[in-house]
Amino acid sequence: MPLKASSRQVGEVTVIDLDGRITLSDGSAMVRDLIRENLNKGQKKLVLNLAAISYLDSTGLGELVSGYRFVKSAGGELKLLNLNKKVTDLLQVTKLYTVFDIHNDESQAVASF
């Protein structure tokens, strides 16, 4: 299933809802483009909602890390929301769980800025 994405504003925060797979062939470039597009519009408070992500491969994980670094270097913040068990396990195994600010509740994620 190809990756689908939509963005919405919650106050000053941009929430990017992702649905599908973030893999080399399905969507890793889309994630990169969405992050850069929002930064170019001046949106520096970003939340990636991963509730509907069914699969994340190493390329997708690399895009999350790259996006995090890119946003940070632009003076912004990138947070993750609603990780499923597979994504949570992957972040724990790779020790990236401590790098990202991760939330299970959208209002808490938005308020954390």
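Worth a mention:
- Positive minus negative residues near LYS44 (Lys, Arg vs Asp, Glu; Cβ under 11 Å): +1
- Estimated inter-spin distance, LYS72 and GLN108, nm [label 7 Å along Cα→Cβ]: 2.2
- Take every DSSP beta bridge whose two residues both sit in segment 1-50; close to 60 percent of them are antiparallel.
- Summing Lys and Arg as +1 and Asp and Glu as -1 over all other residues whose Cβ lies under 12 Å from the Cβ of LEU81 gives a net charge of -3.
- Relative packing of 21-30, 5-14, 83-92, which averages over residues the other C-beta atoms within 10 Å, highest first: 21-30, 83-92, 5-14
- Centroid-to-centroid separation of segment 80-113 and segment 1-50 [C-alpha atoms, Å]: 15
- Correct option for Cα Rg over 2.2 N^0.38 Å [calculated from the coordinates] among (1) 1.10; (2) 1.18; (3) 0.95: (3)
- Counting DSSP beta bridges with both ends in the chain, the antiparallel % (nearest 5): 30
- Sequence of LYS72, LYS79 when ordered by accessible area, the most exposed leading, probe 1.4 angstrom: LYS72, LYS79
- Relative contact order of the chain, taken over Cα pairs closer than 8 Å and 6 or more residues apart, is 25 percent.
- Mean ellipticity per residue at 222 nm, deg cm²/dmol - from DSSP H runs of n ≥ 4 across the chain, formula -39500 (n - 2.57): -12000 deg cm²/dmol
The values are calculated or read from the model by the stated rules, or taken from the named source; none is laboratory data. Since we're looking at a predicted model, the values are computed, not measured. When we count neighbours, we look across all protein chains shown, and the Cβ atoms used for this are built from the backbone with ideal geometry, even at glycine. Heavy atoms of the whole protein, side chains included, go into the accessibility calculation; ligands, DNA and RNA do not. Shrake-Rupley method; radii C 1.70, N 1.55, O 1.52, S 1.80 Å.
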